[in-house]
1. Which residues, counting only those in the range 28-62, are touching a Phe, Trp or Tyr at 6+ places or on another chain (Cβ under 8 Å), within 16 Å of Ile15 (Cβ to Cβ) and not charged (D, E, K, R)?
2. Those residues that are of a type in the set (A, V, I, L, M) and either assigned to a strand (DSSP E or B) or surrounded by fewer than 10 Cβ atoms within 10 Å (Cβ to Cβ) (or both), I need them from the range 24-53; list them, please.
3. Within the range 33-54, does at least one residue satisfy the condition of being of a type in the set (A, V, I, L, M), modelled with pLDDT under 90 and under 12 Å from the mean Cα position of the chain (by Cα)?
4. Report, by residue number, each residue of the range 24-56 that is aliphatic (A, V, I, L, M) and farther than 24 Å from Asp3 by Cα.
Amino acid sequence: MKDPKVVQADKRGQIVIPKSIRKELGIEEGAAFWMYKTEEGIFLKRIEAPSEKAVKKAVKKAR
């Protein structure tokens, strides 16, 4: 694990994933995650869903 990053929750409870981590993991706007409560805190797992572009391409191909 690399050096930890400090993030803060805003008044709505939202946190920001630092840009360096988003870039390293390929996380783009609109990415979805499963969130689990663990004994140590919170665990996020990205949901690997096809992109909108891939879905549109598959629909066109099916027609």
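The values are calculated or read from the model by the stated rules, or taken from the named source; none is laboratory data. Keep in mind the model is a prediction, meaning the values are calculated, not measured. Positions of Cβ are backbone-derived with ideal geometry, glycine not excepted, and every protein chain shown enters the neighbour counts.
1. Listed by number, the residues that qualify are Met35, Tyr36, Ile42, Phe43, Leu44.
2. At the first step, the residues of the range 24-53 found to be of a type in the set (A, V, I, L, M) are 25, 27, 31-32, 35, 42, 44, 47, 49.
Across the range 24-53, the qualifying residues are Ala32, Met35, Ile42, Leu44, Ile47.
3. Step one: of the range 33-54, the residues of a type in the set (A, V, I, L, M) are 35, 42, 44, 47, 49, 54.
Next, only the ones that are modelled with pLDDT under 90 stay: 47, 49, 54.
Going one step further and asking which of them are under 12 Å from the mean Cα position of the chain (by Cα), we end up with 47, 49.
Yes - at least one qualifying residue is present in the range 33-54.
4. Step one: filter the range 24-56 for residues aliphatic (A, V, I, L, M), giving 25, 27, 31-32, 35, 42, 44, 47, 49, 54-55.
The answer is Ala32, Ile47, Ala49, Ala54, Val55.
Here's the yes/no breakdown for (1) exposed (fewer than 10 other Cβ atoms within 10 Å of the Cβ); (2) at negative phi; (3) out of contact with any Cys (no Cβ under 6 Å at 6 or more places or on another chain); (4) outside any strand (DSSP E or B):
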| residue | (1), (2), (3), (4) |
| --- | --- |
| Asp3 | yes, yes, yes, yes |
| Gln8 | yes, yes, yes, yes |
| Gly13 | yes, no, yes, yes |
| Ile17 | no, yes, yes, yes |
| Ser20 | no, yes, yes, yes |
| Lys57 | no, yes, yes, yes |
